Each structure stands twice: as C-alpha cells, then as structure tokens.
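Colleague: Can you read through this structure? Questions will come right after.
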C-alpha cells in the first residue's frame, strides 16, 4: 500500500507527522557563520560569508527538507535579523576577515514577512554597505513587491551591493517537482526568474542531486535537463545539493522505493555532467557540507573533497580519484 498522499494538504500532514522533536531556538542568535572562497562570474575568487539566520520556519512543507530544524515556530521578532547580522559583522571584524560577498540564508524565504519583517530591510541594507554582492534565498512565489522594497532599501545605503536571489528549482522533472510538495510549477519558477531579471537581480538556482520520485536510471538525464532549464532561465550559478534523508518523511518515501540517498560518487558524476552543460558565463558548485555522510570510503574522502573544492573554484571537471580501498565498489557502482 502506498503511504505517500496525493494532495498537498495531506502531504503537509504526512511531513509534519514524521518530524522528530525540534529544539527551541533563540531568534536573536544565528545558527552560525561560515567564510569560504567562491568563484565569481568574472572568474575572480570572492571571499564569501554565509550567515545562517534564525527565524520563522518556511510556510511550505517540502518532503525532502530538514531546514525547519534551524527555525522557530513563532514569527521572527522585528530587529532580530539585523541583530544577528550585526553580531556576524562584528565577529568578522574581530577575526580580521574581509569578505566582499554575503549570503543571508534563513532556512525559509527572505521575502516572507513572517520570517524577515519588512521593517528590517533598511537595517539589513545599512549593514550590507560596501559589499559587492548580497545573496538571499526565496521561494519563487514570493518574488515581487518585497524584492523591490529590498532593492529600494539597498539603494538608500550606497554603495549598495548587487542583489542575488537563490531559488530552489530542485528538479525539472514535472511529476517529481509536484510530488515534492513545493507547491510550485516549472512555469511559476520561470515567471519568478523573469521578474528577477526585470529588476536586474542575479539568479542562483538550487538543484537536488538524486531527488525523490525520479527513477534511478533517469537521474542523470533529468539532472542535465534541470541544469539546462536553470541556465536558460538566466541563472549565473547553479548549486548541486545532495538530497539528505533524516527528516522522517524521506525515510518513508525511501521505504516505498521512491528515494535513494546519493553517494559521493553520484555527486562527483553530477558535477561533471553539470559542468559539461554549463555555458561559459555560468558556474556550477557542488555543495560540500557534511560530505562524509555520502562517502563509502574513509581512505579517499579527504582527497575527493579536495578535488571537488578545486573543481568548484576552477570550474572544471573534478580529477578522478584512484583509491585502492574502494576501487571494486567504484567499478560496481558504474556498471
């Protein structure tokens, strides 16, 4: 018997019923700050800070998402987001780390007023002065009026950074996208991308590696189609995110045969496929967070991580790793 529901409302309940317990978080403290290098569109290497904000959880219940763990059930209080940003900027100054790009990732949508109050836009803009680029994330359906208001706030605090919005397309497979419970169509994604382009806002796209509801022997083909769609929509960067289990809902989906968590070899192959399809002006990045989760061999993990990191920076196909310990599994995996 298939347990996965057919309607969005029932899928919401399916996801919520399978969540493990959540930690109560302080909305005045962020979830962490990460500084790393990233290749820019012009080929230079940017020093990028990613601030993982704490705020109201996403209003959508995507079956693959576990980011709700880093959010609050209550609305984000006014001034809490600027306070988290101010703490981060002070930490960067104290560590004498100079960054020229900033990602504000709130495990939700920046343009959801319950997650980031509009009254905070000016304070965010003021603390972003002098940066070359400010990157926020949003569900495509929220691209519109509040995007324009953030741009207006940034313009009031010159020199303003270039605004970039990261949107999750996840997959171009229409049936899988519908079943993810993201409540978004491909047409809706393309319309949001057009709105960003009309506002001169850069677009970054998140794609899943091994999304559920896509047959194993079709994963590579649909990844390529997804990469093509993202760049045709105007993306300047595509980030490949390995689909992670652990949220309860995906475990049930996996038990029904609709999901297999990718392995490190799958991520390497996906990056190779995507880089070979990217236009010369586009960039493709493999997400390297928690990479050991997807590794089947501890002996070559560090080397594989280093090769993926180099591929991200240099925008070239990752060098192959010949590991004597996992070579048999490599051969069987590719068969």
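Colleague: Treat each spin label as a single point 7 Å out from the Cα along the C-beta direction, and report the residue 303 to residue 95 distance in nm.
Modeller: That separation, rounded to one decimal, is 3.0 nm.
Colleague: On to the next question. Could you check the spin-label model distance between residue 10 and residue 37? Points 7 Å from the Cα along Cα→Cβ, value in nm.
Modeller: 5.2 nm
Colleague: Also, quick follow-up: Would you kindly state how much longer the chain becomes between residue 290 and residue 216 on full extension, computed as 0.36 nm times their sequence separation minus their alpha carbon distance, in nm to one decimal?
Modeller: Here the segment from residue 290 to residue 216 would lengthen by 24.4 nm.
Colleague: Considering every pair of different Cα atoms, what Kirkwood radius, in Å, is found for region 46-197?
Modeller: With all distinct Cα pairs of region 46-197 included, I get 16.1 Å.
Colleague: What is the mean projected area of the alpha carbon convex hull for the chain, to one decimal in square nanometres?
Modeller: 17.0 nm²
Colleague: As a test, work out the antiparallel percent of DSSP beta bridges whose residues both lie in the chain, rounded to the nearest 5.
Modeller: 20 percent
Colleague: Where q = 0.15 Å⁻¹, what log10 of I(q)/I(0) comes from the Debye formula for region 221-335, counting one point per Cα?
Modeller: Taking Cα atoms of region 221-335 as identical point scatterers yields -0.73.
Colleague: Return P(r) of region 1-119 (all Cα-Cα pairs; 5 Å bins starting at 0; whole %; ordered from short to long distances).
Modeller: Whole-percent P(r) values from 0 Å outward: 2, 11, 18, 18, 15, 14, 10, 6, 4, 2, 1, 0.
Colleague: For the residue pair residue 17 and residue 199, what label-to-label distance in nm results when each label sits 7 Å from Cα along the Cα-to-beta-carbon direction?
Modeller: Inter-label distance under the simple model: 3.8 nm.
Colleague: Using alpha-carbon pairs under 8 Å, 6+ residues apart, how would you state the relative contact order of the chain in percent?
Modeller: Relative contact order of the chain: 15 percent.
Colleague: State the Kirkwood hydrodynamic radius of region 27-69 in Å, one decimal place, computed from all pairs of distinct Cα atoms.
Modeller: Taking the inverse mean of 1/r over all distinct Cα pairs, region 27-69 comes out at 12.9 Å.
Colleague: Is the shape of region 46-87 best called rounded, prolate or oblate, per the rule: a/c under 1.5 gives rounded, else a/b larger than b/c gives prolate, else oblate, with a ≥ b ≥ c the square roots of the Cα gyration tensor eigenvalues?
Modeller: Judged from the Cα gyration tensor, region 46-87 comes out oblate (a/c at least 1.5, b/c at or above a/b).
Rule-based calculations on the coordinates, nothing more; no lab input. Please read these numbers as outputs of a predicted model, since none were measured by experiment. Note that we place each Cβ from the backbone using ideal geometry, even for glycine, and neighbour counts take in every protein chain shown.
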